[in-house]
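Heads up: the structure comes next, in structure tokens.
The values are calculated or read from the model by the stated rules, or taken from the named source; none is laboratory data. No experiment lies behind these values; they were computed from the predicted model shown. Cβ placement follows ideal geometry from the backbone for every residue including glycine, while neighbour counts extend to all protein chains displayed.
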Amino acid sequence: MADSVFKGNAITIGDDVSTDDIIPGRFAHLRSNLPELATHTLEDRLPGFYERAQPGDILVGGRNFGLGSSREHAPVVIRMAGISAILVRSVARIFYRNAINQGLAVLICDTSGITDGDELEIRLNDGIVVNHRAGEELSCGRMPPLMSNILAAGGLIPYIKEHGTLDSGT
Amino acid sequence: MGKTLAEKILAERSGTDAWANDIVISRVDLVFVQDTTGPLTIRLFNETGIGRPAVPERTILFMDHAAPSPARQLSTDHVFMREFGRQSGCVVSDVGEGVCHQIVAERYARPGEVVVGADSHSVTAGGLGAFGTGMGSSDVAVAMALGRNWFRVPESLGITLTGQLSPPVCSKDLILYLIGLLGADGATYMALEFSGPGVASLTVPDRLVVSNMAVEAGAKAGLFPSDERTRDFLESMERGHDYVPLFPDADAKYAGAIRVALDSLVPVVSCPHTVDNVSPAAELGDVRVDQVFLGTCTNGRIEDIAMVAAMVSGRKKAESTRVLVAPASRQVLLRAIEQGHIATLVEFGATILPPGCAGCLGLHQGILGDGEVCLSTANRNFKGRMGNPDAFVYLASPATAAATAIRGCITDPREIS
């Protein structure tokens with residue numbers, strides 16, 4: 001089972017973070033070597049991100065996070081960098097499914113008041129993000145029950161191994 | 001109340017009375033991966049423990065993104081994919097065959113089918129009236145294993161087309177115009193559905209260009225009806241038997257409506273570094289171009305190559321501009337040879353690349369230098385897309401690419417006689 005409460009510090013990044021920003025195509029030769037691929041996460045967009053990210057940190061984006069390619073390596077390397085969850089104003093469709101399928105929570109809320117380094121607490125079951133620095137509570141959008149169940153199982157493949165089928169989740 | 005194309009296809013394939021925003025479990029008729037997403041998909045498929053793909057003969061493993069491979073690691077990924085193909089009975093489309101989406105259109109996708117690829121441009125099949133959509137490796141692995149997956153039925157944005165394009169304006173200009181209008185997230189989670197009297201003026205190759213880029217507005221699918229044009233295309237691919245007519249109901253409900261008079265469109269260019277940064281080609285001023293790239297799943301078809309060859313015939317390319325041409329498939333390359341276009345392009349000064357994705361995603365065949373500018377007929381211009389975050393990519397139609405290759409700076413093709 002995946003955690004339902006995440007505490008970590010915010011690493012902020014702006015709008016329109018593409019999957020080419022997250023892991024550029026020029027590193028395609030490393031896609032079967034995920035630990036090495038992960039060292040290049042977001043390096044064009046936030047140089048030093050991989051070294052800076054601490055286990056549990058929460059990546060905070062703006063609009064249309066994860067637009068672009070279907071590469072599931074994008075959420076995989078973000079998770080491998082230590083990120084526990086992603087908060088965004090809005091998220092591109094394929095990235096959203098991919099992240100949940102990898103057991104990486106993506107929550108949609110108004111991220112405009114979150115600043116870099118803020119101490120955040122996500123309460124998944126309540127649909128709430130607490131910003132301890134600002135003393136604010138933000139409510140986040142709910143995902144369909146099937147997606148919640150996939151996330152709770154730790155991802156789509158663990159879900160299928162557990163259930164053998166998709167049908168029980170809808 | 002009637003159904004949209006997305007509702008019709010997903011209702012039929014899921015065996016339910018599906019409407020927009022419902023979550024359904026649908027049959028998947030065709031599943032594919034390519035060489036940068038395939039190895040992870042195969043590993044995840046193996047992890048499911050299901051062992052055998054549901055329908056191996058409709059599960060295709062394409063080697064097109066690194067074709068031929070420029071690095072030992074990618075070559076080893078190819079070895080892994082071929083081996084899985086041998087063991088599982090899945091179809092292997094090897095180096096030199098061409099880009100997955102083009103081959104899906106030539107050989108596989110049928111109107112009314114659900115087509116899932118581990119590549120975001122799997123929306124291309126919407127040009128044939130198939131519900132094509134891109135997914136990640138876990139979802140595609142599950143579709144391979146079960147022959148099914150879950151979908152939220154998208155709401156549809158109805159795009160009504162009237163009139164017809166005035167050459168050298170291309171269907172690429174239509175979709176770039178729409179993405180500029182909608183923005184890069186203007187259709188997120190939705191399907192774009194094209195209808196109206198202007199649809200009949202667009203051939204299936206024209207439609208494939210439009211559907212291909214639906215994802216650049218965030219859309220889950222870009223759907224055209226299946227009509228006489230669809231029949232013409234399938235017959236030209238010697239699979240007229242795959243034709244079935246498919247139209248939305250007249251009283252279908254759309255989440256929004258946009259009307260586009262095709263006659264009113266002009267050649268446009270998507271400027272760095274976002275696809276929705278669209279301006280008329282004539283208004284860009286003097287943008288010097290180091291490399292022109294004609295190809296990809298967007299605009300590497302025989303019609304594109306023929307159009308460019310006709311425009312550059314008897315001319316020489318601008319001295320300081322490299323011109324790269326990658327036919328989208330082996331069939332396209334063969335036809336281009338038979339029709340004499342390859343000789344015309346080589347005489348013009350172009351470099352011909354093998355069928356495949358070439359430099360589109362920056363892993364080989366045309367990586368840009370620091371500060372360089374490329375005008376490409378591809379579908380993405382994100383920072384770093386063509387292998388260098390310090391380079392600049394503009395997107396345009398094949399006609400604008402030809403005019404730009406002649407002049408050496410971005411040029412409205414209407415200026416070239």
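Within the stretch A:7-24, at least one residue is polar (S, T, N, Q) and buried (at least 24 other Cβ atoms within 10 Å of the Cβ).
Being over 24 Å from B:S397 (Cα atoms), touching a Leu at 6+ places or on another chain (Cβ under 6 Å), in a strand (DSSP E or B) and in the same structural domain as B:G127 (by TED's automatic domain parsing), is that true of even one residue in the stretch B:192-214? Within the stretch B:192-214 (the criterion being over 24 Å from B:S397 (Cα atoms), touching a Leu at 6+ places or on another chain (Cβ under 6 Å), in a strand (DSSP E or B) and in the same structural domain as B:G127 (by TED's automatic domain parsing)), the answer is no, since none of the residues qualifies.
So, of the residues in the stretch B:66-75 that are touching a Ser or Thr at 6+ places or on another chain (Cβ under 9 Å) and facing chain A (nearest Cβ under 7 Å), which turns out to be nearest to B:A358 (Cα to Cα)? This residue is B:A66.
The stretch B:122-176 holds strands (runs of 3 or more DSSP E) entirely within its bounds, and those carrying 3 or more residues that are at the interface with another protein chain (Cβ under 9 Å from one of its Cβ atoms) map to B:148-152.
Within the stretch B:25-44, track down each residue that is more than 17 Å from the chain's Cα centre (by Cα), within 9 Å of chain A (Cβ to nearest Cβ) and not hydroxyl-bearing (S, T, Y). Result: B:I25, B:P39, B:L40, B:R43, B:L44.
When B:I337 is tested against (1) outside any helix (DSSP H, G or I); (2) surrounded by fewer than 24 Cβ atoms within 10 Å (Cβ to Cβ), only condition (1) is not met. Against the definition (under 23 Å from B:V153 (Cβ atoms), of a type in the set (S, T, N, Q) and more than 10 Å from every other protein chain (Cβ to nearest Cβ)), how does B:T59 come out, yes or no? When the stated conditions are applied, B:T59 does not pass them. Once the stretch B:313-332 is narrowed to residues that are in contact (Cβ under 8 Å) with a residue 60 or more places away in the chain and closer than 28 Å to B:A105 by Cα, the residue that is nearest to the chain's Cα centre (by Cα) is B:A328.
When B:E106, B:E113, B:E97 are checked against the criterion of being over 30 Å from B:A282 (Cα atoms), under 14 Å from the mean Cα position of the chain (by Cα) and away from chain A (no Cβ under 14 Å), B:E106 stands alone in meeting it. Scanning the stretch B:177-186 for residues that are of a type outside the set (D, E, K, R) and part of a loop (DSSP other than H, G, I, E, B) yields B:G183, B:A184, B:G186.
In the stretch B:391-417, the residue that is modelled with the lowest pLDDT out of those that are more than 25 Å from B:D119 (Cα to Cα) and assigned to a loop (DSSP other than H, G, I, E, B) is B:S417. Applying the criterion of at least 3 residues that are within 14 Å of chain B (Cβ to nearest Cβ), β-branched (V, I, T) and crowded, with 24+ Cβ neighbours inside 10 Å to the strands (runs of 3 or more DSSP E) found wholly in the stretch A:51-135 leaves an empty list.
Quick one: which of B:D249, B:D276 is outside the structural domain of B:R380 (by TED's automatic domain parsing), in contact (Cβ under 8 Å) with a residue 12 or more places away in the chain and in a loop (DSSP other than H, G, I, E, B)?
Values: B:D276 fails: outside the structural domain of B:R380 (by TED's automatic domain parsing).
So the residue among B:D249, B:D276 that is outside the structural domain of B:R380 (by TED's automatic domain parsing), in contact (Cβ under 8 Å) with a residue 12 or more places away in the chain and in a loop (DSSP other than H, G, I, E, B) is B:D249.
Out of the stretch A:24-50, which residues are assigned to a loop (DSSP other than H, G, I, E, B) and more than 10 Å from chain B (Cβ to nearest Cβ)? Selection gives A:T39, A:H40, A:T41, A:L42, A:L46, A:P47, A:G48.
Starting from residues that are part of a loop (DSSP other than H, G, I, E, B) and among the charged types (D, E, K, R), keep the ones in the stretch B:215-233 and report whichever is farthest from the other protein chains (Cβ to nearest Cβ). Steps first, please.
Filtering the stretch B:215-233 for residues part of a loop (DSSP other than H, G, I, E, B) gives B:218-220, B:224-225, B:227.
Still in the running and among the charged types (D, E, K, R): B:220, B:227.
Working: B:K220: 6, B:D227: 28 Å.
Out of the qualifying residues, it is B:D227.
Scanning the stretch B:181-214 for residues that are among the acidic types (D, E) and within 14 Å of another protein chain (Cβ to nearest Cβ) yields a total of 1. The set of residues in the stretch B:361-399 being within 14 Å of chain A (Cβ to nearest Cβ) and of a type in the set (D, E) consists of B:D370, B:D390.
Could you look through the stretch A:1-23, keep only residues that are in a strand (DSSP E or B) and either of a type in the set (V, I, T) or closer than 25 Å to B:R380 by Cβ (or both), and pick out the one that is farthest from the other protein chains (Cβ to nearest Cβ)? Spell out the reasoning first.
From the stretch A:1-23, those in a strand (DSSP E or B) are A:5-12, A:18; that's our starting set.
Filter once more, keeping what is either of a type in the set (V, I, T) or closer than 25 Å to B:R380 by Cβ (or both): A:5, A:11-12, A:18.
Details: A:V5: 24, A:I11: 19, A:T12: 18, A:S18: 5 Å.
This residue is A:V5.
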